[in-house]
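A short write-up of the structure that comes next.
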Amino acid sequence: MNRKCIGLCQGRHPMPVVDYIFPNVVANPFDYPALDQQVQSWINANSNAKNIALYVTGLTPVLIEAIKVLSKNDINVVLMHFNIATGNYEEQSL
C-alpha cells in the first residue's frame, strides 16, 4: 500500500513534504472544533489517502485532534518525529 507523506503544520519546522493538513498558522490550538474541521477538509480533498506518514511539529493539541479525526476516517497513520541526534526522522506506529 502506498504511503502519502504529509506534514501536520506548515512553517513550524523544515519537513521533507509538500502537503500539509494545516497549511496556515494555527491561530488557536485549543479550538478543537476548528481543528477537527480542518483535518476533515484535508481528508475530503485527499480521499485516496488511506495510508499516511504524518510529519509532526510538536504542537500536541493539534496532533491529537488530527490523530482522532484521521482514525475515525479509517486512515492508517504512522508518525514521523525528528531525531535531533541523528538529523533524521524516526517512524512511530500507532
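Of Val17, Val56, which residue is open to solvent by less than 80 Å² (accessible area, probe 1.4 Å) and within 15 Å of Lys68 (Cα to Cα)? Explain how you work it out, then say what you get.
On the way: Val17 fails: within 15 Å of Lys68 (Cα to Cα).
The unique qualifying residue is Val56.
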So Val25 fits all but one of (1) open to solvent by 70 Å² or more (accessible area, probe 1.4 Å); (2) touching a helix residue (DSSP H, G or I) at 6+ places or on another chain (Cβ under 7 Å); (3) at pLDDT below 95; what number is the exception? (2)
Could you list all residues from the range 28-50 that are farther than 27 Å from Asn2 by Cβ and open to solvent by 100 Å² or more (accessible area, probe 1.4 Å)? Phe30
The condition from (1) open to solvent by 60 Å² or more (accessible area, probe 1.4 Å); (2) over 13 Å from the mean Cα position of the chain (by Cα); (3) at pLDDT below 95 that Arg12 misses is numbered (2)
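Does any residue of the range 71-82 turn out to be at positive phi and open to solvent by 80 Å² or more (accessible area, probe 1.4 Å)?
Looking through the range 71-82, at least one residue is at positive phi and open to solvent by 80 Å² or more (accessible area, probe 1.4 Å).
The values are calculated or read from the model by the stated rules, or taken from the named source; none is laboratory data. Small disclaimer: the values here were computed from a predicted structure and weren't measured. A quick note on method: Cβ atoms are made from the backbone with ideal geometry, for glycine too, and the neighbour counts reach across all protein chains shown. The area values use the complete protein model at the heavy-atom level, side chains included, leaving out ligands, DNA and RNA. Shrake-Rupley method; radii C 1.70, N 1.55, O 1.52, S 1.80 Å.
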